[in-house]
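Student: My structure is below; once you've seen it, I'll send some questions.
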Amino acid sequence: MMKYVINFSGVLSKAFIKLFTLTTFFLFTSTLYAQTVVNSLSALKPYLDDDNANVKLAPGNYYIDADDIANGDFGNPLFVFEGNNSTYDFTGVTLYINTDVMRAFGNVDYSHLQTLGNNNVLKNLTMIDDGTVDDRPQKRATNIHMDGSNNLIDGFHLTVRGSYPYGYGDAFGKGGGPVIYHYKHSAINVRGNYSHLKNTTIIHHSYGHAIFMQAASHPTIEGCYVEGQVRTTDDMLAEEGTGSPADNVDFMTTWGYKLPPGYMMSLGEAGIRAYNAGTTYVDGVEISRGTDNPTVIDCTVRYMRTGVTVAHATGTKYVEGCTAIACENGFSLGSGTLTNCKADLAYGPVYQNTYGSDNGYLADITIIPAVDPYYNGSKTVAYVGGSNHEITLTGTETVVNQDFKIKFGGSKDIVRLLGTNSPSQNNFDAQSCEFNNNTQYPMVISSGSGNNTIKSCGNVTDNGSQNNVSGSSNCPSLNDNIALNGVASQSSTDYGGSASRAIDGNTNGNWANNSVTHTSPNENNPWWEVNLGGTYSIDEVVVFNRTNCCMDRLSDYTVSVINGTTTTYFETFATHPAPSQTVNAGGAYGNIIRVQINGTGTLSLAEVEVYAGEISTDINYQLIKRNATGYAIDGGSNGGNIEGRSVELYNFVQHDNLTWTEINLGGGFFAYEKLNSGYCLDGGDAGTNGQNVVLSARDDTDWGQQWEKIDAGNGHYRLQKRGTNFSLDGGSGGAVNQSVTLGASSSSDADQQWRFDFVSSNSRQSTNEMKTLESDIVMYYPNPVKDKLSLSLPVQTYTAFELYGVDGSVYHQDEIPENDSALSIDFSSLTDGVYVLKLLGKDAVKSLKIIKE
């Protein structure tokens, strides 16, 4: 049955509906082109073929399912906009379309919505596919087709679900001759003449494209955000023996070989792409052609097979201000212009030529630090093939992984091209190109590539001929503002003052210059932060205030350096910057910089600059057991026979013996080396409950020493041994010399959860024996705490305590009786967050980080 929020005119004739709305219109306004408000889907439908209509669907939730199709209430597409010069306003409307609708019309292609007229505006519709990711269409589905001329879709928000098979990307087929027959479901097909898709968000949990252009002439994609999902090939291969679709074909891919491990794949297809063929409908005429003259501006694509790929279009191809995050490939144009764009190489190259015939590509790409752990199976930064390109890559990181390379020709080494399939898409040469490598990544030039002019900050291996190679003068510097390539967010946004304005490089604090942020007025503890995309040693943070008015709004504020979920440095300021405040963070490690007002207020920032010493690739941590915070993992001293030594718990003190260097091995895996020893945590072969964890000589190829770091919340992590379902387990409770072993992985078992405390060399003891430090041990539990925190103290060492928030506010303080060794503090009335408990004594002071949850 069809369901409406208000079924006002579902049974009225089209003529009567219009008569009623016109009567209402003349009663309330004398404006000739007033907006008509309808209150149901059936009342909306008569206006879809009208010219010069201005219709608004009343805000609310609307629903369509297969019963409505059976009753004849909707055709395929559900909504066809055939009129001209009309506006349809869906502000406040959420349309839930059950995934069973995609099968209700039989074995035909299906879509929710289509534009066929000209000069129409459709705006602000939220449309949700109501079902699961496995609810496939009967044949093939596309939520929206844009045909006609000069139509605009603005401010839509789509949640796309329902395809088969979902969970493998294109590993088992995407066109003809699939290994597993697939039922695709894409989001938006841009066709027609001068179609314009603007400010639209697509949450894409379906096998198919998010935005794709077919038979489109002069299309524009502007201000759109696309987010898909990704999965490692290792995780796919773990389905062996389960009877899954991939298991049933023995993981034999459409590329002619078994699915290889070590790659990350998008579960969808392209974020934004163009085709060189297709069919569209303009003024009632069917037109077959390719896509020409596409423009893509200010779009962000995350977790898709490609970010922006318009290599198959003709004419002028222009891409500006776009960002590709954690995609298998960032950008591919073939020819054309790509300017002021950004990409990371978490899962694949930032740029890749599609064919060896690509010619005349002009590109300017900034490589941003990856927010997600690296899982780049090809270890490719960029791949250049073809001729006459002018490409500039810029980076801010002064230390980069030298295993990742910029390739001039040769093998792409991507997951789809590891065999002899698709020879036209691999092993290119690069000829007569100008390439500026303003990054520290190394370059490799293939034997068939020549006559290229290359300026590079990274090392260049030239196997080609007649290449002119020289150093670049635009290399990353420690003096660079690393915030510029970060990702900004804030507690709220008002008056268009987006968070990104504070990292746009403009320190001018005049609101009229459109470079100042703005949160909602009178918000409680408003904040702004930037994720730097990597962990840095932070030297200075410079905060620039708004200047044309309201400078005192930025008073009583805190600037914090945060590493994961741990605050490593904070400083509170009582007065406002006039116009700027420089914060010396003293080298505190962190990947997030936060500015927060302490109390009620409005936060406006002109700019936040961040300057770092170096990116931290290997960081020293102490691993404290979540449910027994007085104990940490102990590796023993570096003397004697270390090989095969069992790993145990010991009383947690700041000592070298309890300190582990985290080594990023890529692909989301880490090794943990006992400080300065050359020996790592080793879980041995395979995995069983209770299997010993020992120290073994470091071997970065040994999976027994590779651990996946899985977030367990509030600064705690679970370490799962690579290729197994077993994690590092500290056993029940905590005791000195209690064994650390492997245990069957459990996301809820606190015995497998470890707090990672960064520890600097200035804080650690190395010469003193462990036992000489134990007299100052403070045992405290639970941490995180919900209600009561219990502490066991050394007698007569501490006489008082103070409890602070990270903003410096004092929440509680009291004396400690002289001979008491036990202390209890009530946290039940405090809000969730990080607190600092300071213990005070005549000759001793200790600060403890406490997490309230």
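Student: Which of (1) surrounded by 22 or more Cβ atoms within 10 Å (Cβ to Cβ); (2) under 23 Å from the mean Cα position of the chain (by Cα); (3) aliphatic (A, V, I, L, M) does I203 not meet, given it meets every other one?
Tutor: With respect to (1) surrounded by 22 or more Cβ atoms within 10 Å (Cβ to Cβ); (2) under 23 Å from the mean Cα position of the chain (by Cα); (3) aliphatic (A, V, I, L, M), I203 is out only on (1).
Student: Applying the selection to segment 174-211, what residues are more than 30 Å from V249 (Cα to Cα) and aromatic (F, W, Y)?
Tutor: Selection gives Y194 alone.
Student: What are the residue pairs meeting all of these: first residue in segment 35-49, first residue assigned to a helix (DSSP H, G or I), second residue polar (S, T, N, Q), Cβ atoms under 9 Å, and 6 or more apart or on different chains?
Tutor: Qualifying pairs under 9 Å: S42/N7; S42/S9; A43/N7; A43/S9; A43/T21; P46/S13; Y47/T36; Y47/S86.
Student: Sticking with this structure for a sec: From the list V190, V179, V230, which residue is within 16 Å of Y303 (Cα to Cα), buried (at least 19 other Cβ atoms within 10 Å of the Cβ), aliphatic (A, V, I, L, M) and in contact (Cβ under 8 Å) with a residue 40 or more places away in the chain? Before you say what the answer is, go through the steps one by one.
Tutor: Details: V190 fails: within 16 Å of Y303 (Cα to Cα); V179 fails: within 16 Å of Y303 (Cα to Cα).
Every option except V230 fails the conditions.
Student: Just to check your reading of the model, which residue among V384, V444, V399 is touching a residue at least 24 places away in the same chain (Cβ under 8 Å), of a type in the set (A, V, I, L, M) and crowded, with 19+ Cβ neighbours inside 10 Å?
Tutor: Working: V444 fails: crowded, with 19+ Cβ neighbours inside 10 Å; V399 fails: crowded, with 19+ Cβ neighbours inside 10 Å.
Being touching a residue at least 24 places away in the same chain (Cβ under 8 Å), of a type in the set (A, V, I, L, M) and crowded, with 19+ Cβ neighbours inside 10 Å holds for just one of V384, V444, V399, which is V384.
Student: Same structure, new question: Would you point out the residue of segment 571-615, among those that are touching a residue at least 24 places away in the same chain (Cβ under 8 Å) and among the acidic types (D, E), that is surrounded by the fewest Cβ atoms within 10 Å (Cβ to Cβ)?
Tutor: Per the stated criteria, the residue is E614.
Student: If I go through segment 541-567 residue by residue, how many of them are part of a strand (DSSP E or B) and more than 23 Å from V834 (Cβ to Cβ)?
Tutor: Of segment 541-567, the ones part of a strand (DSSP E or B) are 541-545, 557-563, 566-567.
Adding the requirement that they be more than 23 Å from V834 (Cβ to Cβ) leaves 542, 544-545.
The total comes to 3.
Student: Considering only segment 368-377, I want to know if a residue exists there that is on the phi > 0 side of the Ramachandran plot and of a type in the set (S, T, N, Q).
Tutor: From segment 368-377, those on the phi > 0 side of the Ramachandran plot are none; that's our starting set.
No, segment 368-377 contains no residue that is on the phi > 0 side of the Ramachandran plot and of a type in the set (S, T, N, Q).
Student: Still on this model: Give me a count of the residues in segment 688-724 that are over 27 Å from N783 (Cα atoms), surrounded by 14 or more Cβ atoms within 10 Å (Cβ to Cβ) and within 32 Å of the chain's Cα centre (by Cα).
Tutor: Number satisfying all stated conditions: 9.
Student: Further question: Under the condition of being among the charged types (D, E, K, R) and in a strand (DSSP E or B), which residue from segment 183-234 is farthest from N143 (Cα to Cα)? Steps first, please.
Tutor: Start the filter on segment 183-234 by keeping residues that are among the charged types (D, E, K, R), which leaves 184, 191, 198, 222, 227, 231, 234.
If we keep only those that are in a strand (DSSP E or B) too, we end up with 198, 222, 227, 231.
Details: K198: 16, E222: 19, E227: 16, R231: 24 Å.
Only one residue tops the list, namely R231.
Student: Here's another thing I want to ask about it. What's the number of the condition G131 fails, among (1) without any contact (Cβ under 8 Å) to a residue 40 or more places away in the chain; (2) buried (at least 21 other Cβ atoms within 10 Å of the Cβ)?
Tutor: Single failed check for G131: (2).
Student: Related question: Mind telling me which of the residues F156, F212 ends up being under 25 Å from T316 (Cα atoms), buried (at least 22 other Cβ atoms within 10 Å of the Cβ) and under 26 Å from the mean Cα position of the chain (by Cα)?
Tutor: Working: F156 fails: under 25 Å from T316 (Cα atoms).
Just one listed residue meets the conditions, F212.
Student: Answer with yes or no whether I454 is over 25 Å from the mean Cα position of the chain (by Cα) and in a strand (DSSP E or B). Walk me through how you get there before you give the answer.
Tutor: On the way: over 25 Å from the mean Cα position of the chain (by Cα): yes; in a strand (DSSP E or B): yes.
Criteria met by I454.
Student: Please go through (1) assigned to a loop (DSSP other than H, G, I, E, B); (2) at pLDDT 95 or above; (3) among the acidic types (D, E) for D403 and return the number of the only condition it doesn't satisfy.
Tutor: Evaluating D403 over (1) assigned to a loop (DSSP other than H, G, I, E, B); (2) at pLDDT 95 or above; (3) among the acidic types (D, E) leaves (2) as the failure.
Student: For segment 43-65: of the residues being over 35 Å from the mean Cα position of the chain (by Cα) and of a type in the set (D, E), which is nearest to G75 (Cα to Cα)?
Tutor: So, considering only residues that are over 35 Å from the mean Cα position of the chain (by Cα) and of a type in the set (D, E), the one nearest to G75 (Cα to Cα) is D49.
Student: Next question. With the checklist (1) outside any loop (DSSP other than H, G, I, E, B); (2) within 30 Å of N54 (Cα to Cα); (3) not aromatic (F, W, Y) in hand, flag the one item N119 doesn't pass.
Tutor: For N119, the failing item is (1).
Student: Which is surrounded by fewer than 24 Cβ atoms within 10 Å (Cβ to Cβ), under 21 Å from N199 (Cβ atoms) and out of contact with any helix residue (DSSP H, G or I) (no Cβ under 9 Å at 6 or more places or on another chain), of D372, D364, D283, D298? I'd like the intermediate steps shown before the answer.
Tutor: On the way: D372 fails: under 21 Å from N199 (Cβ atoms); D364 fails: under 21 Å from N199 (Cβ atoms); D283 fails: under 21 Å from N199 (Cβ atoms).
Unique residue meeting the criteria: D298.
The values are calculated or read from the model by the stated rules, or taken from the named source; none is laboratory data. These numbers come from a predicted model, not from an experiment. Ideal geometry is used to build each Cβ from the backbone, glycine not excepted, and the neighbour counts take in all protein chains shown.
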